Amino acid sequence: MFLQRIADNGLWSSLREMERVQQQLNRLLASDGSPSDGQADFPPLNVWTNENGVIVTAELAGVSTESIELSVLHDTLTIRGSRQPEVLAEGQSWLRQERGHGQFSRTLRLPFAVESDGVQAHFRDGVLQITLPRAESEKPRKIAVSAK
């Protein structure tokens, strides 16, 4: 009986809304509280290196290739783009909406300068793979040691 009265008065939906707001505030304040921190997480990246260069993969589900911009300057890679919001059909309403939309930008400092003319990018199954070759001047060189 008591629970029915709570449900009828909309208190239950108000509590759910307050919980949702609390979760968003917790996410916002999880680091140092600056609003840009939430944006820095997108797109999530994996980065690895070898003697020839760096490989970066970015998870970009729902992003079209036309909206992706890549730029490389010396040892810095920038990934920019946008993801369009999902449009609901008439009569539908959101139950949960966790996937973000809008503009994004992510800048990554690489461990060495890259040869920008040799950069390659491929987009498949929502994952962008960027291959950044190490600049020749940055590659390790073997130096012969001579005996005098």
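Observations
- Criterion (acidic (Asp, Glu) and surrounded by fewer than 15 Cβ atoms within 10 Å (Cβ to Cβ)) met by exactly one of GLU59, GLU138: GLU59
- Selection status of GLY118, under 12 Å from LEU60 (Cα atoms) and in the same structural domain as ILE68 (by TED's automatic domain parsing): no
- Test: residue in region 82-104 that is in contact (Cβ under 8 Å) with a residue 12 or more places away in the chain, more than 30 Å from GLU17 (Cβ to Cβ) and in contact with a strand residue (DSSP E or B) (Cβ under 7 Å, 6 or more places away or on another chain): no
- Region 62-121 - residue that is in contact with a Phe, Trp or Tyr (Cβ under 8 Å, 6 or more places away or on another chain) and part of a loop (DSSP other than H, G, I, E, B) and, of those, modelled with the lowest pLDDT: GLY100
- Checking each residue of region 123-130 against the condition of being of a type in the set (S, T, N, Q), farther than 30 Å from ARG16 by Cα and modelled with pLDDT of 95 or more gives at least one match.
The values are calculated or read from the model by the stated rules, or taken from the named source; none is laboratory data. Remember, it's a predicted structure, so these values are computed and weren't measured experimentally. Don't worry about glycine lacking a Cβ; one is built from the backbone with ideal geometry, like all the others, and counts go over all protein chains shown.
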